[in-house]
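Following: one structure in structure tokens, then a few remarks.
The values are calculated or read from the model by the stated rules, or taken from the named source; none is laboratory data. None of the values given here were measured: they were computed from a predicted structure. A quick note on method: Cβ atoms are made from the backbone with ideal geometry, for glycine too, and the neighbour counts reach across all protein chains shown.
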Amino acid sequence: MQTKTKVVSLAVAAAVTFAAAPASAALVNTWDYSYSLEWITSGPGAPTFVEGLPGGDKGTQVITDSLLSWGGTGDLQNPTSSSVNRSGLEITGSPATGSVNTGDSVTTSAGVTHFNNPIMLQFLLLETATLAGSLTLTPTDPAGSQQSPITFELATSFTETPNTAPCGFDVETVCDDIFIVDMGTDPLAQSFSLDGIMYDISFMAEGLGPLDADTCAAAGEAAGCSGLTTPEEAFTTANFGFQITQAEVPNPAMLTLFGTGLLALGAVARRRNKV
């Protein structure tokens with residue numbers, strides 16, 4: 001019985017310590033952030049291209065950490081500059097900096113713009129690419145040290161559609177191109193600890209969203225895929241952002257009640273030990 005009393009007493013002490021711990025840490029109210037995006041240019045996540053039609057000129061491909069471009073000659077940002085043009089996916093507004101409060105979400109200027117220009121399908125066309133993101137937070141209220149970067153990678157795929165009807169899915173023009181982004185939860189929800197307080201980070205993108213089943217099928221994806229579609233001779237941008245929140249912790253009142261219950265249990269054990 002003496003051993004049980006010691007075990008219960010240790011449990012009570014641990015519960016009381018746990019209940020008191022959150023009160024000693026200061027919640028960060030405001031953060032400065034730096035948010036950056038880039039394309040992976042080498043290794044397993046490097047861009048891949050597919051032959052649109054056999055034979056003929058395959059065009060040129062540009063692969064940098066900020067631009068993926070394919071097609072023939074012409075100005076990427078001017079769809080009327082040439083009958084043989086280029087399309088591309090360009091990272092814009094990166095790195096983005098600013099300030100955000102705990103509990104708030106922010107859409108940054110860092111994004112991906114799809115330049116959809118008419119091009120010949122004989123060119124090599126973008127098939128897959130990997131988008132990498134990095135978020136660095138620095139506490140400003142109260143002030144603190146810059147935190148280690150929080151990073152993620154998103155697998156993407158691209159479908160350059162023929163400009164002939166029928167498209168097989170709802171479109172604004174004949175036919176919208178499809179940019180798919182794997183918005184799986186694992187890379188987009190992360191946590192970190194600072195001074196004993198846990199914070200949750202959720203990454204998001206304004207302009208990306210669920211696509212209908214027909215559009216997913218046209219891109220060779222299962223129903224429920226996410227991404228965007230861009231009409232011909234149009235530019236479409238998805239801006240990336242995040243939300244920072246304090247991770248849910250047990251209610252202090254419940255912890256106190258739990259500790260009180262263990263204290264009572266310890267008292268009962270001591271009385272039994274005297275019998």
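Results for (1) touching a His at 6+ places or on another chain (Cβ under 7 Å); (2) under 16 Å from R86 (Cβ atoms); (3) charged (D, E, K, R), shown as yes or no for each residue.
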{"site": "N116", "(1), (2), (3)": "no, yes, no"}
{"site": "F123", "(1), (2), (3)": "no, yes, no"}
{"site": "L135", "(1), (2), (3)": "no, no, no"}
{"site": "Q147", "(1), (2), (3)": "no, no, no"}
{"site": "I150", "(1), (2), (3)": "no, no, no"}
{"site": "T159", "(1), (2), (3)": "no, no, no"}
{"site": "P162", "(1), (2), (3)": "no, no, no"}
{"site": "V171", "(1), (2), (3)": "no, no, no"}
{"site": "D182", "(1), (2), (3)": "no, no, yes"}
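Would you mind stating whether G220 is modelled with pLDDT of 85 or more, out of contact with any strand residue (DSSP E or B) (no Cβ under 6 Å at 6 or more places or on another chain), loosely packed, with under 13 Cβ neighbours inside 10 Å and closer than 24 Å to I119 by Cβ? If you could, list the steps in order and put the result at the bottom.
On the way: modelled with pLDDT of 85 or more: yes; out of contact with any strand residue (DSSP E or B) (no Cβ under 6 Å at 6 or more places or on another chain): yes; loosely packed, with under 13 Cβ neighbours inside 10 Å: yes; closer than 24 Å to I119 by Cβ: yes.
Answer is yes for this residue.
Considering only residues that are without any contact (Cβ under 8 Å) to a residue 60 or more places away in the chain and farther than 16 Å from Q122 by Cα, look in segment 75-87 and name the one that is surrounded by the most Cβ atoms within 10 Å (Cβ to Cβ). First the steps, then the outcome.
Let us first name the residues in segment 75-87 that are without any contact (Cβ under 8 Å) to a residue 60 or more places away in the chain, namely 75-76, 78, 81-86.
From what is left, the residues that are farther than 16 Å from Q122 by Cα are 75-76, 78, 81-82.
Working: D75: 13, L76: 19, N78: 13, S81: 14, S82: 16.
So the residue we want is L76.
Condition first: assigned to a loop (DSSP other than H, G, I, E, B) and farther than 19 Å from A189 by Cα. Now tell me which residues in segment 203-223 satisfy that.
Narrowing segment 203-223 to residues assigned to a loop (DSSP other than H, G, I, E, B): 207-208, 211-212, 219-223.
Selection gives L211, D212, A219, G220, E221, A222, A223.
Out of (1) surrounded by 12 or more Cβ atoms within 10 Å (Cβ to Cβ); (2) at pLDDT below 80; (3) over 30 Å from E127 (Cβ atoms), what's the single condition that is false for G56?
Looking at each condition in turn, G56 falls short on (3).
Quick one: D104 ticks every box in (1) of a type in the set (D, E, K, R); (2) under 24 Å from I244 (Cα atoms); (3) buried (at least 16 other Cβ atoms within 10 Å of the Cβ) bar one, so which box is it?
Unmet for D104, out of (1) of a type in the set (D, E, K, R); (2) under 24 Å from I244 (Cα atoms); (3) buried (at least 16 other Cβ atoms within 10 Å of the Cβ): (3).
Confirm whether L67 is aliphatic (A, V, I, L, M), surrounded by fewer than 17 Cβ atoms within 10 Å (Cβ to Cβ) and out of contact with any Asp or Glu (no Cβ under 6 Å at 6 or more places or on another chain).
Values: aliphatic (A, V, I, L, M): yes; surrounded by fewer than 17 Cβ atoms within 10 Å (Cβ to Cβ): yes; out of contact with any Asp or Glu (no Cβ under 6 Å at 6 or more places or on another chain): no.
Answer is no for this residue.
Consider only pairs whose beta carbons are under 9 Å apart and that are at least six residues apart or on different chains; among these, list those whose first residue lies in segment 206-222 and is free of Cβ contacts under 8 Å to residues at least 40 places away in the same chain and of a type in the set (G, A, S) and whose second residue is part of a helix (DSSP H, G or I) and surrounded by fewer than 19 Cβ atoms within 10 Å (Cβ to Cβ).
A222/A213
Find the residue count for segment 72-88, including only residues that are part of a strand (DSSP E or B) and either over 21 Å from E232 (Cβ atoms) or touching an Asp or Glu at 6+ places or on another chain (Cβ under 8 Å) (or both). Steps first, answer last, please.
At the first step, the residues of segment 72-88 found to be part of a strand (DSSP E or B) are 86-88.
In the following step, the residues that additionally are either over 21 Å from E232 (Cβ atoms) or touching an Asp or Glu at 6+ places or on another chain (Cβ under 8 Å) (or both) were identified as 86-87.
Result for segment 72-88: 2.
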